[in-house]
Amino acid sequence: MSEFIDYVRSLPKAELHLHIEGTLEPSMLMELAKKHQVDLPYSTAADVERAYDFEDLQSFLDLYYLGASVLIDEDDFYSLMFRYLERCRDEGIVHTEMMFDPQTHTERGIGFSVFMRGFGRAIEDAKGQWGQSSSLIMCFLRHLPEESAFETLKAAEPFKSQIMSIGLDSSELGHPPEKFERVYAAASLQGYRLVAHAGEEGPPAYIVDALDRLKVERIDHGVRCLEDPELVERLVKTKTPLTVCPLSNVRLCVFETMADHPIRQMLKRGLNVTVNADDPPYFGGYLLDNFEALHRELGLTMEDARQLAVNSIRSSFIDEASCAGWLDQLSVPTP
Ligand code: HPA
Ligand code: ZN
């Protein structure tokens, strides 16, 4: 393993943009399809992998929702979560804020008690076994109506102690932030922290609206901010975190190749960017794979990586004392 990756692994990092349903590996997908006798248009894990050839966000989402259909009982959700948390342990991700999509499950008749118990047990086990720190971001699917988001907020009430934040994901174009203005206001009154996907495929105006109408504290993706210099200036001034996902951006054709990814310019411009994996098996890698690709294709340096790790800890919703502790460790100079 390269010196660069060993160094990045040793840095305490937070992962802030990771869809737990998007961590479903093809092998687990096939295992669960067999277990629950779900009919899939694939016979082997290799067939599934071959289908990971996307032209845009929607072509990925179609496969992602098909994949999620094999998650049925509490143990499935437990295993999915526990496997990702083990990955965090192995990659030096000391804190993770994971997104989940309740509507993907409730629409199939699988209730909150099933997935929340599975997630909760895995989170407790990882915390008990190696002190893994984590929290959950409940996302509304933006292609569904506002009413469904309100129903989801209501159904989450008995599980509120397990959920720190609200997010917004799925098809961005044609589903602008204002569609969810009222449900975000209601969630804020209930004490949730707020984030939203914006400016992945959608225009910079969606980022402005996520900030002004939804009152989010972080923007997921946000890479299209670069088309609006005034917005860039605002994001720099307010230090608004942008949870950037490089491998995802390339796989979903937001940028043609990794060499075209603007993350180093974003860092130089003073934007508060972090690196994240989004949906790792679908996009070709976990967090360290993203760092490795940035190093190889864009010349990301150790000092850039340290800055990105600092940004990730600062942009997380962990308590002040833990934050200060990790930042203290990150002031170590690069070798
Ligand atoms: N964008 C929007 N919705 C998603 C994504 C994403 O990258 N991953 C899972 N749902
Ligand atoms: Zn995402």
**Item:** Lone qualifier among L194, L231, L235 - being more than 16 Å from ligand 1 (Cβ to nearest atom), closer than 30 Å to G285 by Cβ, at pLDDT 95 or above and part of a strand (DSSP E or B)
**Value:** L194
**Request:** For segment 271-278, state whether one or more residues are part of a helix (DSSP H, G or I), over 30 Å from L63 (Cβ atoms) and not acidic (D, E).
**Result:** no
**Asked** So is G199 on the phi > 0 side of the Ramachandran plot and within 16 Å of ligand 2 (Cβ to nearest atom) or not?
**Response** yes
**Asked** Out of all the residues in segment 6-15, is one or more more than 14 Å from ligand 1 (Cβ to nearest atom), among the β-branched types (V, I, T), at pLDDT 95 or above and over 20 Å from the mean Cα position of the chain (by Cα)?
**Response** no
**Prompt:** In the list S113, S69, S79, which residue meets the criterion of being among the small types (G, A, S), surrounded by fewer than 20 Cβ atoms within 10 Å (Cβ to Cβ) and under 22 Å from L287 (Cα atoms)?
**Reply:** S79
**Message:** Please go through segment 11-51 and give me each residue that is among the hydroxyl-bearing types (S, T, Y) and within 16 Å of ligand 2 (Cβ to nearest atom), ordered by number.
**Reply:** T23
**Prompt:** Residue check: is Y78 of a type outside the set (A, V, I, L, M), at pLDDT 95 or above, within 30 Å of G299 (Cα to Cα) and away from ligand 2 (no atom under 16 Å from the Cβ)?
**Reply:** no
**Request:** Working only within segment 164-174, note down all residues that are free of Cβ contacts under 8 Å to residues at least 60 places away in the same chain and either buried (at least 20 other Cβ atoms within 10 Å of the Cβ) or farther than 27 Å from C245 by Cα (or both).
**Result:** I166, L168
**Request:** Please state which of the following conditions V216 fails to meet, knowing it meets all the rest: (1) within 16 Å of ligand 1 (Cβ to nearest atom); (2) over 21 Å from I166 (Cβ atoms); (3) outside any helix (DSSP H, G or I).
**Result:** (2)
**Asked** Yes or no: R87 away from ligand 1 (no atom under 16 Å from the Cβ), of a type in the set (K, R), within 22 Å of L16 (Cα to Cα) and over 20 Å from the mean Cα position of the chain (by Cα)?
**Response** no
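The values are calculated or read from the model by the stated rules, or taken from the named source; none is laboratory data. Note that the structure is predicted; figures quoted are calculated from it, not measured. When we count neighbours, we look across all protein chains shown, and the Cβ atoms used for this are built from the backbone with ideal geometry, even at glycine.
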